[in-house]
Amino acid sequence: MAKVSFKEVTKKFGSTELLKNFNLEVKDQEFLVLVGPSGCGKSTTLRLLAGLETLNNGEIYIGDRLVNRLDPKDRDIAMVFQNYALYPHYTVFENLAFSLRLRKVPKAEIQQRVNAIAQMLEIEMLLERKPKELSGGQRQRVALGRAIIRNPKVFLMDEPLSNLDAKLRVAMRAELMSLQRKLKTTTIYVTHDQVEAMTMGDRIVVLNEGKIQQVGTPHEIYHEPANRFVAGFMGSPPMNFLERGAITLGVRPEDIYFSRPEGENWQVPATFQMIEPLGAEYLFHVVVDGTKWIIRSSQAQSFTVGQQVTLYIPLSKIYFFDEEKEGARIPQELSKMSFPRRWESIKKAA
């Protein structure tokens, strides 16, 4: 087991600087998730750690060992890819045993370790099959088993569930989390799916354009976003915004009501557009001051298209972002109590 450290890491592709002065500490035995849009640098971060890419500047440590110049095979990491990367002409047993044979592990020990991993992952009945004879979930288990059997210091997982259907993804998330807790191996997991990030990570690193926007627990990332990008990226549906010059207001879809809740609220006029029934809840699409908003509610409502409605938003659930400071969040305690008067003055000045 080991911690992982990135210190002032820079990576360029031609004249494009994908990571710049990147600093990150991954704790020993932690399940850390890197999340962000395509091209933000999350997969590149994994590839640098694995030794599949060469950094331009900075240092990477696994434990206390500097690994900048080490070959991938000497870094004691195991990587699980999106496409599983199984050897198609090998059986499941041979795929699992491959890395042990390269290390010249005795045959008896290989047999014992393969059987133990297969039992753990519930694939012992598949050992004589080849990858083409397996389902997506079974292939994923084999790919995980091949990584686990090496007993590495660090697991690297690059969108390993993205090829699975929605139901199987949910099941495999739970299995991965349970497995990581059992093995207690430091794990860095890459995904573009913010729901996956929120449900799996001990901590989450939100990336955009090669820069870390925020590092925190799922609760911190969702309820205390550092800036407008994090607030808008993390959440489904995303946070609703209203822009007024240098100040942007934000509110989560689930924090908007059609009837007045207890406490101090802001009343907002809106125009109803449509409803999306999702079974246990509904998504209401409205327009607020020329901007489209989504409201998430478990309560059914009957509106007609174009109907004027009143929304109620608790002041404690309203966020402000300072666009002159790269969308940095203004602490709620500095803004919420004077909100109605302050927002009206901002609207008039805009």
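Answer with yes or no whether LEU242 is touching an Asp or Glu at 6+ places or on another chain (Cβ under 7 Å), closer than 25 Å to GLU196 by Cα and either open to solvent by less than 20 Å² (accessible area, probe 1.4 Å) or modelled with pLDDT of 90 or more (or both).
Details: touching an Asp or Glu at 6+ places or on another chain (Cβ under 7 Å): yes; closer than 25 Å to GLU196 by Cα: no; either open to solvent by less than 20 Å² (accessible area, probe 1.4 Å) or modelled with pLDDT of 90 or more (or both): yes.
When the stated conditions are applied, LEU242 does not pass them.
Residues checked against (1) over 16 Å from ILE295 (Cβ atoms); (2) touching a Leu at 6+ places or on another chain (Cβ under 6 Å); (3) not β-branched (Val, Ile, Thr):
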{"site": "GLU220", "(1), (2), (3)": "yes, no, yes"}
{"site": "PRO237", "(1), (2), (3)": "no, no, yes"}
{"site": "PHE241", "(1), (2), (3)": "no, no, yes"}
{"site": "VAL251", "(1), (2), (3)": "no, no, no"}
{"site": "GLU254", "(1), (2), (3)": "no, no, yes"}
{"site": "PHE272", "(1), (2), (3)": "no, no, yes"}
{"site": "GLY279", "(1), (2), (3)": "yes, no, yes"}
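Among the residues of region 241-263, is any out of contact with any strand residue (DSSP E or B) (no Cβ under 9 Å at 6 or more places or on another chain) and part of a loop (DSSP other than H, G, I, E, B)? Reasoning before the result, please.
Going residue by residue through region 241-263, those that are out of contact with any strand residue (DSSP E or B) (no Cβ under 9 Å at 6 or more places or on another chain) are 244-245.
Remaining after also requiring part of a loop (DSSP other than H, G, I, E, B): 245.
Within region 241-263, one or more residues are out of contact with any strand residue (DSSP E or B) (no Cβ under 9 Å at 6 or more places or on another chain) and part of a loop (DSSP other than H, G, I, E, B).
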One residue from GLY51, GLY39, GLY58 being of a type in the set (Gly, Ala, Ser), on the phi > 0 side of the Ramachandran plot and touching a Phe, Trp or Tyr at 6+ places or on another chain (Cβ under 8 Å) = GLY58
query = Taking region 148-163, which residues are under 17 Å from VAL33 (Cβ atoms) and open to solvent by less than 20 Å² (accessible area, probe 1.4 Å)?
reply = VAL154, PHE155, LEU156, MET157, PRO160, LEU161
remark   = Taking region 169-210 and keeping only residues that are of a type in the set (S, T, N, Q) and either in contact (Cβ under 8 Å) with a residue 60 or more places away in the chain or surrounded by 17 or more Cβ atoms within 10 Å (Cβ to Cβ) (or both), one is left with GLN180, THR185, THR186, THR187, THR191, GLN194, ASN208
query = List, please: which pairs have Cβ atoms under 7 Å, are six or more places apart or on different chains, and start with a residue in region 15-44 that is closer than 13 Å to ILE188 by Cβ and open to solvent by 70 Å² or more (accessible area, probe 1.4 Å) and end with one that is assigned to a loop (DSSP other than H, G, I, E, B) and not β-branched (Val, Ile, Thr)?
reply = GLU25/LYS3; LYS27/LYS3; ASP28/MET1; ASP28/ALA2; ASP28/LYS3; GLN29/MET1; GLN29/LYS184
task = Tell me, yes or no, whether region 127-139 has at least one residue that is open to solvent by less than 40 Å² (accessible area, probe 1.4 Å) and within 25 Å of ARG203 (Cα to Cα).
result = no
ask   = What number of residues in region 219-232 are touching a Pro at 6+ places or on another chain (Cβ under 7 Å) and open to solvent by 20 Å² or more (accessible area, probe 1.4 Å)?
value = 1
request  = Give me a count of the residues in region 104-128 that are at pLDDT 90 or above, in a loop (DSSP other than H, G, I, E, B) and under 33 Å from the mean Cα position of the chain (by Cα).
outcome  = 1
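Condition (residue is outside any helix (DSSP H, G or I), at pLDDT below 90 and either more than 29 Å from the chain's Cα centre (by Cα) or not polar (S, T, N, Q) (or both)) applied to region 42-62: is it met by at least one residue? Outline the logic, then answer.
The first filter runs over region 42-62 and keeps only residues outside any helix (DSSP H, G or I), leaving 51-62.
From the residues that got through so far, the ones that are at pLDDT below 90 too are none.
Within region 42-62, not a single residue is outside any helix (DSSP H, G or I), at pLDDT below 90 and either more than 29 Å from the chain's Cα centre (by Cα) or not polar (S, T, N, Q) (or both).
Based on this model, can you work out whether VAL305 counts as more than 28 Å from PRO331 (Cα to Cα), of a type in the set (A, V, I, L, M, F, W, C) and either outside any strand (DSSP E or B) or out of contact with any strand residue (DSSP E or B) (no Cβ under 7 Å at 6 or more places or on another chain) (or both)? Reasoning before the result, please.
Details: more than 28 Å from PRO331 (Cα to Cα): yes; of a type in the set (A, V, I, L, M, F, W, C): yes; either outside any strand (DSSP E or B) or out of contact with any strand residue (DSSP E or B) (no Cβ under 7 Å at 6 or more places or on another chain) (or both): yes.
Yes: the conditions hold for VAL305.
The values are calculated or read from the model by the stated rules, or taken from the named source; none is laboratory data. All values derive from a computational prediction rather than experimental measurement. Every residue, glycine as well, gets a Cβ built from its backbone with ideal geometry; the counts of neighbours run over all protein chains shown. Remember, those area values only see protein heavy atoms, side chains included, never the ligands or the DNA or RNA. Shrake-Rupley method; radii C 1.70, N 1.55, O 1.52, S 1.80 Å.
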